[in-house]
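Written out below as structure tokens is the structure these notes cover.
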Amino acid sequence: EAGVVQSPRYKIIEKKQPVAFWCNPISGHNTLYWYRQNLGQGPELLIRYENEEAVDDSQLPKDRFSAERLKGVDSTLKIQPAELGDSAVYLCASSLAGDNEQFFGPGTRLTVL
Amino acid sequence: QKEVEQNSGPLSVPEGAIASLNCTYSDRGSQSFFWYRQYSGKSPELIMFIYSNGDKEDGRFTAQLNKASQYVSLLIRDSQPSDSATYLCAVRTSGGSYIPTFGRGTSLIVHP
């Protein structure tokens, strides 16, 4: 069974440019999470989806970050414009339901120059 | 503000020894506790979870929970060099929120 798929794995952009990350969860997993992990820190939740509905997005910087999960399957996280402080690993995770084990994707390492 | 505290380490132990990793949390309403292992450059993977006070054993791993002291620990017996990684503690409260709060992780080095 395929795990959580993320692309791209690495992205280098200049500040003020837009960037998008894509995530395809494990088949059948209704809950999808986007996390940001800074170096030497634990993951920090940005947004959680139950199917296509965003149910926890209080940590998402809405002035520059947006996310969507239109058909309740794959999801896109966008940053526009990117800032130097956005450099981090962006992790996607999925679970069958909100209270089940989360499975993480390999992450996208973003470097903003 | 819900906080999960871990010593960043590194914790260095010899091969075959017991590694003890500790985590404290601030929210008394916390109900679920998780330990993830994260190898350098990789994503976290769940190795244990515990909900009730006491010990839970799985192979070489034992999770210990003391809700009165707001303390959860992970013991790794017969540590192997392949156990060298960062161990993340995550805590989740009840009340319908499934947002886990992660600690910063403890780096474990098992040397031959």
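In chain B, excluding the sites themselves, the longest stretch lacking any of the GluC sites (Glu not before Pro) that are in a DSSP loop with at most 16 other Cβ atoms within 10 Å is B:16-112.
Across the options B:9, B:82, A:28, the greatest Cα extent toward the positive end of the charge dipole of the protein assembly as shown (unit charges at beta carbon of Lys, Arg, Asp, Glu) belongs to B:9.
Among the lysines, which have Cα under 18 Å from the Cα of residue B:56 when same-chain residues fewer than 8 positions away are ignored? Answer for residue B:56, where 18 Å is the Cα cut-off: B:67, listed by chain and number. An ellipsoid equivalent to chain B, defined through the eigenvalues of its Cα gyration tensor, has semi-axes of 24, 14, 12 Å when rounded to whole angstrom and sorted largest first.
Looking at chain B, identify the longest residue range that excludes and avoids all chymotrypsin sites (Phe, Trp or Tyr not before Pro) in DSSP loops having at most 15 other Cβ atoms within 10 Å. For chymotrypsin sites (Phe, Trp or Tyr not before Pro) (loop position, at most 15 other Cβ atoms within 10 Å), the longest site-free span of chain B is B:52-112. The GluC sites (Glu not before Pro) found in region A:63-113 that occupy coil by DSSP, while having at most 13 further C-beta atoms within 10 Å, are A:83, A:101.
For region A:14-113, the Cα gyration tensor yields ellipsoid semi-axes of 22, 14, 11 Å (square root of five times each eigenvalue, largest first, whole Å). Partners of residue A:15 within straight-line reach, counting lysines whose Cα lies under 25 Å from its Cα and excluding those fewer than 8 residues away in the same chain: A:62, A:78.
What is the sum of charges, Lys and Arg at +1 and Asp and Glu at -1, for the other residues whose Cβ falls under 11 Å from the Cβ of residue B:17? Result for the neighbourhood of residue B:17: -2.
Hull volume per residue, based on the alpha-carbon atoms of the protein assembly as shown and their convex hull, is 125 Å³. Quick one: longest stretch of chain A between exposed loop trypsin sites (Lys or Arg not before Pro), exposed meaning at most 14 other C-beta atoms within 10 Å and loop per DSSP? Of all site-free stretches, the longest is A:17-61.
In whole Å, what is the distance between the alpha-carbon centres of region A:1-51 and region B:1-65? The two parts, judged by their Cα centres, are 23 Å apart.
Read-outs throughout are calculated quantities, based only on the coordinates presented, and are distinct from any laboratory measurement. Bear in mind that the values here come from a model prediction, so they are computed numbers and not experimental data. Cβ coordinates were reconstructed from backbone atoms using ideal geometry, including for glycine residues, and neighbour counts include every protein chain displayed.
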